[in-house]
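Here's the structure, in structure tokens; my notes come after.
The values are calculated or read from the model by the stated rules, or taken from the named source; none is laboratory data. Predicted model only: the values in this text are computed from it and were never measured. Neighbour counts run over all protein chains shown; Cβ positions are idealised from the backbone, glycine included.
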Amino acid sequence: MLNQFIRIAGPDRGLEIGGVKLLGFDANNAHKLVFTIVAIVVLYLISKALCWVAQKLGGSRQRTAFWTRQGISLMMFLLGVIGFVSIWFDNPSRLATGLGLLSAGLAFALQKVVTSFAGYFVILRGKTFNVGDRITMGGVRGDVISLNFIQTVIMEMGEPPAVQSDDPGMWVMSRQYSGRIVTISNAQIFEEPVYNYTREFPYIWEEMHIPISFKDDRHRAEQIILEAVERNTMDIANMAEPELERLRTRFFVEASDIRPRVFMRITDNWVELSVRFLCGTHDIRGLKDRISREILSGLEASSIGIASGTYEIVGIPPIRLEGVTNVKRTPDAGRIS
């Protein structure tokens, strides 16, 4: 009964269901479909085997393993496309027609996907960022932990107080991990700037602002601040000096002083001492914590206080009442009239 309902019939051995011949379902296409499935499985197994070998050879080198996986993925993708075209399009005219229809469909229905796919190659070719880089992309700050054809995956970090109000909302008030993993479309590189904290020069300049009262010894305070910063950033400055020299040679940037320096600014209420120093892209909060503790200890030892916007009442003027007449107490009512 089932053989009569579903059967192979006709000279081209097409598939019939209930006496209705299905268009495109013939023995030749069935063979192509089976061969396509087998080719996909074989390419998948080869890809897994190559990734396993690359992981064994690469060891713990994260970037080597990442770029090896990217190369394997690209190679398998190209082989899959070539294999699919070779299996299904044995006639050049059919191939041209199929490619035209496919291009039109992609241009209309998959605009974002195509843009993201193009963004992937722009990221690789332009070296916009790499896995492990600390970037800001699409309004998200953090470290890149994965990159594929369509999306970039970022381990999100907190924001300094100056940008706490930016969207999306953030509860970590420093550049430390928040715990959220954010997925961003690669198409964002065509719409917004990408800020890279580690590309070419893996250091950034940081500042701390300390207000000192006019009556305190500001020169001693400056010395304390500068000594505390130098003790904690000396190794960083020594390591950054050759990197900065290489940056100057490659991009012809102007020379910049990487040694700590204190700048003074006079305000209405105090003298503001701003110390500028170089630090790495990670553990900035820990570095500033150590510097702050040493500065506070040094200022306390020198009896120097940190100024603040408080008010002190030093006296109260005398109060005099005028114009009060006919004050009379009524005994029975207990009132003043």
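Residue check, residue 191 against (1) surrounded by 12 or more Cβ atoms within 10 Å (Cβ to Cβ); (2) under 30 Å from residue 147 (Cβ atoms), all met but one. Which one?
(1)
Hey, can you tell me all the residues within the stretch 198-210 that are crowded, with 17+ Cβ neighbours inside 10 Å and at pLDDT 90 or above?
203, 206, 208, 210
Enumerate the pairs (first residue in the stretch 184-204 and on the phi > 0 side of the Ramachandran plot; second residue anywhere and among the aliphatic types (A, V, I, L, M)) with beta-carbon separation below 8 Å, excluding pairs fewer than 6 apart on the same chain, so at least 6 apart or on different chains.
200/247
What number of residues in the stretch 68-85 are surrounded by 15 or more Cβ atoms within 10 Å (Cβ to Cβ) and closer than 13 Å to residue 147 by Cα?
Qualifying residue count for the region: 4.
Checking the condition of a type in the set (S, T, N, Q) and either assigned to a strand (DSSP E or B) or under 27 Å from residue 177 (Cα atoms) (or both), which residue from 249, 233 passes?
Going through 249, 233 in turn, the sole match is 233.
Name, by its number, the condition in (1) outside the structural domain of residue 33 (by TED's automatic domain parsing); (2) at pLDDT below 85; (3) of a type in the set (Phe, Trp, Tyr) that does not hold for residue 121.
Among (1) outside the structural domain of residue 33 (by TED's automatic domain parsing); (2) at pLDDT below 85; (3) of a type in the set (Phe, Trp, Tyr), residue 121 violates only (2).
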